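Asks: This is the structure I have questions about; it appears just below.
The values are calculated or read from the model by the stated rules, or taken from the named source; none is laboratory data. This one's a predicted model, so the numbers in the text were calculated from it and none came from an experiment. Cβ placement follows ideal geometry from the backbone for every residue including glycine, while neighbour counts extend to all protein chains displayed. The protein model used for the area step is the full one, side chains on, heavy atoms only, and it has no ligands, DNA or RNA in it. Shrake-Rupley method; radii C 1.70, N 1.55, O 1.52, S 1.80 Å.
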Amino acid sequence: MSLVKTSNKPRPLPEQVSELTTNRLSIYLRCLAELDVAGVQTISSQGLAEQFRLNAAQIRKDLAYFGEFGVRGVGYYVKDLRRHLRQILGLDKKLRVAIMGAGNLGLALADYPGFRQEGFEIVALFDVLNEKVGHVSRGGVAIYDIRQLKKVVKNDHISIVVIAVPATAAQPVLNQVVTAGVKAVLNFSPGPLTVPADVKLKSVDLTQSLESLSFFLARDDDGKQ
């Protein structure tokens, strides 16, 4: 039985929700997971903000896009809110993921156990090197020839693809991914990539992040001189 009152059911998803909002929902979900593991049953927006260094007003505003989940005088029921956020983020169903590139990064991503815990199942790796094709990662993820991409995407119902190939190969590989019908791509290769308007691309540039940290350290060193 749900502890959220009938009047507090989630409303239909709004058409326009910013990426910053969905990013914060992910943060709230992780915080609620910690509370759930700790046995906490209810928490207010203020309590959530204080414990995890968040903004209480922002929490209430973000959640209001999707429904009224709080109960006056009680706050949020942790398990119920966690379940609703998983539904909003599409994590209530298993998402099947493939990784392009069976190099060190691709293999490490394929065998990372945290993805499966959050509902993402890595089902395939792809590469162009014959010596890798036909083998499996340490965790048992099969490595396919990239020429089999379209067939495997269809047969294994892959909905997300991760790009973990050298920069020079990233755009051609991404083009193959788009041709295979994939609509969601996470890119770890440096440099700008282009996709059609109906494909969602998110890039994680590790070098750029390191350069940002280097800039911070450089300014700190200047201040000490």
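Asks: Is at least one residue of the stretch 42-62 assigned to a strand (DSSP E or B) and either open to solvent by less than 70 Å² (accessible area, probe 1.4 Å) or of a type in the set (A, V, I, L, M, F, W, C) (or both)?
Replies: yes
Asks: Given the criterion at pLDDT 95 or above and over 29 Å from Glu19 (Cα atoms), identify the matching residue among Lys79, Lys154, Lys132.
Replies: After ruling out the rest, the residue left standing is Lys132.
Asks: Looking at the stretch 167-189, which of its residues are of a type outside the set (A, V, I, L, M), closer than 18 Å to Ala108 by Cα and without any contact (Cβ under 8 Å) to a residue 60 or more places away in the chain?
Replies: Within the stretch 167-189, Asn187, Ser189 meet the criteria.
Asks: I would also like to ask the following. Name the residue, out of Ser137, Ser212, Ser203, that is open to solvent by less than 40 Å² (accessible area, probe 1.4 Å) and polar (S, T, N, Q).
Replies: Working: Ser212 fails: open to solvent by less than 40 Å² (accessible area, probe 1.4 Å); Ser203 fails: open to solvent by less than 40 Å² (accessible area, probe 1.4 Å).
Only one candidate passes the filter, namely Ser137.
Asks: Restricting the search to the stretch 28-41, which residues are assigned to a helix (DSSP H, G or I) and open to solvent by less than 80 Å² (accessible area, probe 1.4 Å)?
Replies: Those that are assigned to a helix (DSSP H, G or I) and open to solvent by less than 80 Å² (accessible area, probe 1.4 Å): Tyr28, Leu29, Cys31, Leu32, Ala33, Leu35, Asp36.
Asks: Can you tell me which residue within the stretch 117-134, out of those that are within 19 Å of the chain's Cα centre (by Cα) and surrounded by 13 or more Cβ atoms within 10 Å (Cβ to Cβ), is nearest to Arg30 (Cα to Cα)? Even if it seems obvious, please write down each step before you answer.
Replies: Applying the first criterion (within 19 Å of the chain's Cα centre (by Cα)) to the stretch 117-134 yields 117-125.
Still in the list and also surrounded by 13 or more Cβ atoms within 10 Å (Cβ to Cβ): 118-125.
Numbers: Glu118: 10, Gly119: 13, Phe120: 15, Glu121: 19, Ile122: 21, Val123: 24, Ala124: 26, Leu125: 27 Å.
Selected residue: Glu118.
Asks: Right, next: If a residue must be crowded, with 17+ Cβ neighbours inside 10 Å and of a type in the set (A, V, I, L, M, F, W, C), how many such residues does the stretch 72-84 contain?
Replies: 2
Asks: When the stretch 71-111 is examined, which residues are found to be closer than 17 Å to Glu34 by Cα and charged (D, E, K, R)?
Replies: Of everything in the stretch 71-111, those that are closer than 17 Å to Glu34 by Cα and charged (D, E, K, R) turn out to be Lys79, Asp80, Arg82, Arg83, Arg86.
Asks: What are the residues in the stretch 140-163 that are among the hydrophobic types (A, V, I, L, M, F, W, C) and either touching a residue at least 24 places away in the same chain (Cβ under 8 Å) or open to solvent by 40 Å² or more (accessible area, probe 1.4 Å) (or both), if any? Can you show your working first?
Replies: As a first pass, look at the stretch 140-163 and keep what is among the hydrophobic types (A, V, I, L, M, F, W, C): 141-143, 146, 149, 152-153, 158, 160-163.
Residues satisfying the conditions are Val141, Ile143, Ile146, Leu149, Val152, Val153, Ile158, Ile160, Val161, Val162, Ile163.
Asks: Another question, then. Any idea which of (1) at pLDDT below 95; (2) closer than 20 Å to Val37 by Cα; (3) among the charged types (D, E, K, R) is the one Glu68 doesn't satisfy?
Replies: For Glu68, the exception is condition (2).
Asks: Quick check on the stretch 88-101. Is at least one of its residues touching a Ser or Thr at 6+ places or on another chain (Cβ under 9 Å) and open to solvent by 60 Å² or more (accessible area, probe 1.4 Å)?
Replies: yes
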